[in-house]
Structures are given as structure tokens and as C-alpha cells.
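The values are calculated or read from the model by the stated rules, or taken from the named source; none is laboratory data. Predicted, not measured: the structure shown is a model, and the values here were computed from it. For neighbour counting, all protein chains shown are included, and Cβ atoms are generated from backbone atoms with ideal geometry for every residue, glycine included.
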Amino acid sequence: MQSRVALVTGGTGGIGTSIVQRLAQMGHRVATNYRDEAKGRAWQAQMKGLGIDVALAQGDVSSPEQAEALVRNVESQLGPVDILVNNAGITRDSTFHRMTPQQWTDVIGTNLNSCFNVTRPVIEGMRERKWGRIVQISSINGQKGQYGQANYAAAKAGMHGFTISLAQENAKFGITVNTVSPGYIATDMVMAVPEDVRNKIVAQIPTGRLGNPEEIAYAVGFFIPDEAGWITGANLSANGGQYMGW
Ligand SMILES: NC(=O)c1ccc[n+]([C@@H]2O[C@H](COP(=O)([O-])OP(=O)(O)OC[C@H]3O[C@@H](n4cnc5c(N)ncnc54)[C@H](OP(=O)(O)O)[C@@H]3O)[C@@H](O)[C@H]2O)c1
């Protein structure tokens, strides 16, 4: 397979790290963003120790200006971006009647506006080169809703609306656009949930366990090869059977 340039946002996080590793193992040259330089460089050194070179560029993806600068920085280090994984995300949980405007805008900004901010600077180049892969990391809670997550569920459902519109607009240009919707994965985000609540979540998962970040990375990797060129606008659930929409 041809080695391509891949940008994974939020690549330093639990799921992002596995996506970075998977794409690198597939032979691609991978970049991600950081916000805190010391944290970013320490993570980069850790990856280097595993034999994986990752290019780093600073950028908060909720800012259009920073996202554009991030993309241009990655291009200057590795070349044009052919593969984009919109993975950066946060939660700010609260029942809606208590939710603050800040909790709403932070979550929409980082999870959904980021898709516009980072994809907009890469899409024209992909269209010119007639090849591209864009994958949104949404969530099971964007598919089924979740108590205490009106902001997050709205952002994550919005990400798939973004996917299916871009998929239509860009199919003729060799660009596929897909969504992966993970269920509950054993990352810091989920391990921060109190143990009794987590046990209740696990009880709802037919596989009887939380997922691993590698299992999400595998789903992302599925969409990347040339052989996946006819798969566009899909929403791939990777959730241990917890939600089986169709
Ligand atoms: N964990 C799960 O069970 C689960 C389930 C379904 C979906 N997801 C989704 O999967 C994605 C990754 O989740 P995770 O569990 O790996 O989370 P995580 O470990 O908290 O990692 C999040 C990553 O996003 C980055 N990030 C956050 N806000 C950012 C911003 N404004 N600009 C740039 N980067 C930003 C973080 O960087 P910093 O270090 O700078 O904060 C970090 O690298 C998210 O979109 C999440 O919603 C997760």
C-alpha cells in the first residue's frame, strides 16, 4: 500500500494513540496536534520508543485559525494530508436543566466545530489530488442519546450528519468520508466514571466488557485502504453489541 500522510486530531489521548499506532503500522506517516508542548513532546518520545515517528503540531481544534495553522504546519513537515481522523473530543456532562452555556459551547466546539475547522483546510487538496480518507470518531451516545449528555450527543450526532453530507459532495473526487461510533472504551475518559456506574454500563454490553482502544483503531483502519474506496457515508458501530441501530 502507498504510504500516505495522516493527521489524527487528539492523537495523544487514549483512543487517538491507538489510531496513530495503527495508521503507522499500516505504513503511513502520521501527525497529531498538542496543546501543551511538554505533554506533547513526552508522548512523542514515548511513541519513538515504540519505533513510531509522529510529527507534532500545536493547535486547539475548536479554533478555526489554530486548526488551519495546525494543518499547514503538518503539511510543511510531512506533505499534503491524505487521511484525516477527526478524533479530538471532550465531555462536559450535566443534565440539560443544569447545563451552562459554557458546557454546551465547549463540547460543540471541540467535538463538532472542530470537524469544520480541521477538514476545511484539507479538503481542497484532497479534491485536487483525487484521493482522500476522512473518518469522524463519533460515539454510541450520538446514536442513542444519553442521560446527562445533551451537548455531547448533539455534537456526536452532528458529526455523522457532517459525514454523510461530505460523503455525497466528495465521492466523485476519490474521497470517502465515514464515521466510527465507539461504545464504552477503557480510556481515562471512561475510567473516570465512578466504579458503580461503570459496572452498570458493563452490564448493558453483550460482550460483557469495555472495549479496547485498539479495537476502535482497527475500525478506523478498515476505511483507509484503496479497497475500501466504495465504502462512504457509513457509520460503523464498534460497541460490543450495546446498541444495534441499522
Ligand atoms: N473513551 C470512550 O469510551 C469513548 C467512547 C465513544 C467515543 N469516544 C470519542 O473518542 C474520541 C477520543 O476519546 P478518548 O477517550 O481517547 O479521549 P482522551 O483520552 O481524553 O483524549 C482526547 C484527546 O483530544 C485532545 N483534545 C481535547 N480537546 C482538544 C482541543 N480543543 N484541541 C485539540 N485537541 C484536543 C486531547 O488533548 P489534550 O491532552 O491537549 O487534552 C487528547 O489528545 C473522542 O472524540 C471521544 O468523544 C470515546
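Here 165, 138, 114 are screened, and the one residue that is buried (at least 22 other Cβ atoms within 10 Å of the Cβ), among the hydroxyl-bearing types (Ser, Thr, Tyr) and over 15 Å from residue 236 (Cβ atoms) is 114. The residue that is surrounded by the most Cβ atoms within 10 Å (Cβ to Cβ), counting only those in segment 225-236 that are outside any helix (DSSP H, G or I) and touching a helix residue (DSSP H, G or I) at 6+ places or on another chain (Cβ under 7 Å), is 232. Applying the criterion of being within 12 Å of the ligand (Cβ to nearest atom) and part of a loop (DSSP other than H, G, I, E, B) to the residues of segment 1-39, the residue that is surrounded by the fewest Cβ atoms within 10 Å (Cβ to Cβ) is 36. For segment 181-233, a residue qualifies if it is touching a Ser or Thr at 6+ places or on another chain (Cβ under 7 Å), more than 9 Å from the ligand (Cβ to nearest atom) and not acidic (Asp, Glu), and the qualifying residues are 217, 223, 228, 229, 231, 232, 233. Among the residues of segment 189-224, the one identified as of a type in the set (Lys, Arg) and assigned to a loop (DSSP other than H, G, I, E, B) is 209.
Among the conditions (1) surrounded by fewer than 21 Cβ atoms within 10 Å (Cβ to Cβ); (2) touching a residue at least 12 places away in the same chain (Cβ under 8 Å), the only one that residue 42 does not satisfy is (2). Being at pLDDT 95 or above, among the charged types (D, E, K, R) and within 16 Å of residue 13 (Cα to Cα) is a property that does not hold for residue 82.
Counting residues in segment 188-201 that are surrounded by fewer than 20 Cβ atoms within 10 Å (Cβ to Cβ) and touching a residue at least 40 places away in the same chain (Cβ under 8 Å) gives one or more.
Does segment 180-201 hold any residues that are touching a Lys or Arg at 6+ places or on another chain (Cβ under 9 Å) and under 26 Å from residue 234 (Cα atoms), and which are they? Within segment 180-201, 181, 184, 186, 190 meet the criteria.
Are any of the residues in segment 64-78 near the ligand (Cβ under 9 Å from one of its atoms), of a type in the set (Asp, Glu), surrounded by fewer than 24 Cβ atoms within 10 Å (Cβ to Cβ) and free of Cβ contacts under 8 Å to residues at least 40 places away in the same chain?
no
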